[in-house]
Structures are given as structure tokens and as C-alpha cells.
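For reference, the structure is listed below as C-alpha cells.
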Amino acid sequence: MSGPLDRRRVVVTGALGGIGTAVTARLLADGAQVLAVDRPDVVRQHREPGPPGLHVAGVDLRDPRAPTEIAGQALERLGGLDALVNNAGIELRASLPDHDDERWDAVLDVNLRAPFRLARDLADLLAAGRSPAVVNVCSIAVTGFAGQVAYDASKGGLLTLTRSLAVELGPRGVRANAVCPGFIDTPMLDEGELRSIAERVARTLPLRRLGRPDDVAGAISWLLGEDSGYVTGQSLFIDGGMNRQ
Ligand code: NAD
């Protein structure tokens, strides 16, 4: 299918979650081929045959072998790689004393270590691709919220990783940008009391509503396409006007 992302070969992580599903659908509609990566147990429950251009892979991103597995599947099923969307993430609502090392490690592994490993290990494949681009899904949480220090730190780290990748990989033609969603209506809001906080905050926002996964998907598609070809190292807040800096 032709479109702004005509035949671009894209890996999307966390692709079967709320935002990932919308991103994958949008990229396919815009003409991309997508390797949709999610946890093996989540992929096993996802039985529908997908549309043309969609390939689904069950990979646990906490596994150090994940980048090798994803690179192999991208080569075999897509024939190469032009773009990477680091979208998988986990939230942890807990007080500071309840952030034990195990929970900290789980959040940092998925939200920061996995994007780092994928960027490091897929860089050569991306650099050989067509108009290569990375988009990292950060969060409004980079501004710092109470009750989620691991999550906030992981997303702050991911934002800085994005800027470093833009500088490191720019000379090889690879762009790297971040999106920072505000409160988006997905299953992630069901962690702790997050949904009630999100709904309360949404009523005070300039746009007076929660975000929708499609709000994020459109921005990611633009950041992967030729229309943003001179944009790198940037962060785009998709938050109904919450952050105005
Ligand atoms: P979600 O929980 O619906 O989706 C997250 C996906 O990541 C799930 O499909 C999950 O299976 C996958 N995942 C988690 N651990 C994994 C692992 N070890 N290996 C492979 N896949 C794994 O959440 P969402 O709201 O769609 O979030 C997507 C991204 O957007 C996340 O990075 C999240 O931090 C970010 N974000 C969400 C919001 C929001 O309000 N929903 C706000 C800001 C940022």
C-alpha cells in the first residue's frame, strides 16, 4: 500500500498495548510494513490474523538476547529495517519507600535499558536503511510526578538517550526524536489510582480531555516520515496542553 511511509520497514515494541495498537494501525495505513513486538504471553493471546504488512513477534525485551532476535526477524520478515519505535513501557505506582530494587530494575529494564540495547544493536541495520529514524515514547512524567519515581527516572533517561542518539547517529543519517504523551486513555491508566488522577487532571487541561492513542500515533507517523526529515533530537509533547515550556 502506498502512503507517506511507503514500504518503510518499522519495528514497533509494545505493539499490542493501547498506544502500540494505534501506532501499528496508523503506520500500516500510511504504507509501512511493521514488525510488531510484544511479550510472548501477550502475543500468544493475540490470535487474529493481521492485515497485509503486519508481522507479530513475541519477544521479552528484558531478555538480553532480544535485540538479536528482533534484528533476525526484521531481516527475515521485512528484509531490513528503516525505523524503530521504542514504545513498550511499564508503569509503577508506589511510594518512594516501596520502590525496592527489584521493582526499580523491572521499570528501568523495559523503559530505558531495552531502548538503549535496541539502538546500540540495531544501529548498523538502521543506518543501512532508507531515511532511517528512531522514535522513543517518553512521557509527560519527565517533568516529575509524585508516586512514580522509577517510571519518571526511566522516561527522563529515555529523553536524554534520544538526544544522545540524535548526535551519535545523525552523521550516519539516522534521526532520533521523542514523543512525550500526557494522560492517554489506555490500559496503563489502570495501574494503581492513575486513572482517577488522569481524569481529574484532564478536566483542567486547555483541551479538557484525556488523550487518545490515535493522538500519539499520528505524531509518530509524522516523525518517521520524510516530512520531518530535518527534525532530530526533539521532544514533542502530546498532552492536551499540560506542558507549555
Ligand atoms: P500499555 O500497557 O497498554 O502497553 C504497553 C505494552 O508494552 C504492552 O502491550 C506490554 O505487553 C508491552 N511490554 C511491557 N513489558 C514488555 C516486555 N518486557 N517485553 C515486550 N513488551 C513489553 O500502555 P500504553 O499506554 O499503550 O503505553 C505505551 C507507551 O506509552 C509506554 O512506553 C508508556 O510509558 C507510554 N506512555 C503512556 C501514557 C498513558 O497515559 N497511557 C502516557 C505517557 C507515556
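The values are calculated or read from the model by the stated rules, or taken from the named source; none is laboratory data. Given the structure is predicted, the values throughout are model-derived calculations rather than measurements. In this analysis, Cβ positions are derived from the backbone assuming ideal geometry, glycine residues included, and neighbour counts consider all displayed protein chains. Surface accessibility is based on the protein's heavy atoms, side chains included, excluding ligands, DNA and RNA. Shrake-Rupley method; radii C 1.70, N 1.55, O 1.52, S 1.80 Å.
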**All positions within segment 173-203 that are under 25 Å from A83 (Cβ atoms) and more than 11 Å from the ligand (Cβ to nearest atom)** = G173, V174, R175, A176, N177
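Can you say whether L84 is within 22 Å of C180 (Cβ to Cβ), part of a strand (DSSP E or B) and touching a residue at least 60 places away in the same chain (Cβ under 8 Å), as far as the supplied structure shows?
On the way: within 22 Å of C180 (Cβ to Cβ): yes; part of a strand (DSSP E or B): yes; touching a residue at least 60 places away in the same chain (Cβ under 8 Å): yes.
Yes.
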**Item:** segment 186-203, residues that are surrounded by 15 or more Cβ atoms within 10 Å (Cβ to Cβ) and in contact (Cβ under 8 Å) with a residue 24 or more places away in the chain
**Value:** T186, M188, E191, L194, V201, A202
**Asked** Filtering segment 79-109 down to residues that are under 22 Å from L122 (Cβ atoms) and open to solvent by 40 Å² or more (accessible area, probe 1.4 Å), which residue is farthest from the ligand (Cβ to nearest atom)?
**Response** G79
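Select the helices (runs of 4 or more DSSP H) contained entirely in segment 138-245, then report the ones holding at least 2 residues which are under 17 Å from the mean Cα position of the chain (by Cα). Lay out the reasoning, then the answer.
Numbers: elements: 149-169, 194-202, 213-224.
Result: 149-169, 213-224.
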**Request:** Scan the helices (runs of 4 or more DSSP H) fully inside segment 1-78 and keep the ones with 3 or more residues being open to solvent by less than 10 Å² (accessible area, probe 1.4 Å) and within 22 Å of A128 (Cα to Cα).
**Result:** 66-73
**Fill in**
The condition of being within 9 Å of the ligand (Cβ to nearest atom) and aliphatic (A, V, I, L, M) holds, among L61, L5, L28, only for L61
**Prompt:** Within segment 204-232, restricting attention to residues that are polar (S, T, N, Q) and open to solvent by less than 40 Å² (accessible area, probe 1.4 Å), which residue is farthest from the ligand (Cβ to nearest atom)?
**Reply:** S228
